[in-house]
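Undergrad: What follows is a structure written as structure tokens; I'll ask about it next.
Bear in mind these aren't lab numbers, they're just calculated from the coordinates by the rules spelled out. Bear in mind the structure is a predicted one, so any value in this text is a computation, not a measurement. Cβ coordinates were reconstructed from backbone atoms using ideal geometry, including for glycine residues, and neighbour counts include every protein chain displayed.
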Amino acid sequence: MAKKRALKQTEEIVEIPHVDAFNTWLILDYTRFTVARLRDIELTKLGITPEQAAILKILCRHGTSTITQIADRWMRQPQSVSTLISRMAKQGLVQKVKYPKRKVIEINVTEKGKRLHDKLTSDSINMVFSALSQDDLQKLSQYLKLLYIRSRGLLGITGPAPFLL
């Protein structure tokens with residue numbers, strides 16, 4: 001009974017006393033954090049972090065990539081990606097390929113990494129977003145893309161936005 005009551009309370013729409021850009025950003029930030037926490041719990045069962053899952057997703061979708069390409073697609077700093085790639089290589093999820101005549105290191109997914117990628121689910125994300133109708137989900141997606149593009153522009157980032165990892 002207590003579980004049902006708690007679930008009902010969390011699904012109620014809370015009125016926001018003052019809607020402005022900052023309060024809306026706070027709601028977005030809190031929501032992102034809680035959804036990310038759910039995702040973290042889901043992926044921990046597979047022994048992988050959300051960051052590692054994102055890199056596997058990028059590599060499985062785009063194939064062999066450099067650290068810079070991964071960083072650009074994921075909107076992260078190359079140094080952070082490099083550190084993650086090194087850890088993933090030690091775990092046998094990815095392989096670094098160095099070419100003697102080139103300064104670039106290419107990153108490939110190993111068979112172990114592909115098998116882990118194939119086990120990844122989005123159950124936690126699907127459960128959260130099931131609170132929205134398909135129409136609401138479409139509108140939210142459009143609004144978030146608009147804010148994302150605006151933020152990239154303010155940061156001076158040009159070129160196509162990598163909406164899908």
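Undergrad: Which ³J(HN,Hα) values in Hz, rounded to whole numbers, follow from the phi angles of region 90-104 under the Karplus curve 6.51 cos²θ - 1.76 cosθ + 1.60, where θ = phi - 60° and Gly and Pro get x?
TA: Each residue of region 90-104 in turn: 5, 7, x, 8, 9, 10, 8, 10, 9, 10, x, 8, 10, 7, 7 Hz.
Undergrad: If I model a spin label at Ala89 and Val128 as a point 7 Å from the Cα along the Cα→Cβ vector, what separation in nanometres do I get?
TA: Label-label distance for Ala89 and Val128, simple model: 3.2 nm.
Undergrad: OK, next. If one takes the longest principal axis of the Cα atoms in the chain, at what angle in degrees, from 0 to 90 and to the nearest 10, does the Cα axis of helix 50-62 lie?
TA: Helix 50-62 sits roughly 60 degrees off the main axis of the chain.
Undergrad: So for the chain, what percent of the C-alpha to C-alpha distances run longer than 25 Å?
TA: That tail contains 45 percent of the Cα-Cα pairs.
Undergrad: Please arrange Val109, Val97, Val81 by counting, for each residue, the other beta carbons lying within 10 Å of its beta carbon, fewest first.
TA: Val97, Val109, Val81
Undergrad: What length, rounded to one decimal in nm, is gained on full extension from Val35 through to Ile16, with 0.36 nm per residue of separation minus their alpha-carbon distance?
TA: Length gained, Val35 through Ile16: 4.8 nm.
Undergrad: While we're on this one: How big is the dipole moment of the chain about its Cα centre under a simple scheme where the beta carbon of each Lys and Arg is +1, that of each Asp and Glu is -1, and everything else is neutral? Debye, nearest 20, please.
TA: I would put it at about 940 debye.
Undergrad: Please list, in chain and number order, the residues 5+ apart from Ser65 or on another chain whose amide H is under 5 Å from its amide H, with Hs placed from the backbone.
TA: Excluding prolines and chain starts, which carry no amide H, the hits are Ile107.
Undergrad: HN-Hα J couplings of region 147-154 from phi, Karplus 6.51/-1.76/1.60, θ = phi - 60°, integer Hz, Gly and Pro as x?
TA: 5, 5, 4, 4, 4, 4, x, 5
Undergrad: Which residue, Gln77, Leu46, Thr24, has the largest displacement toward the positive end of the dipole of region 22-158 when charges sit on each Cβ (Lys, Arg +1; Asp, Glu -1)?
TA: Gln77
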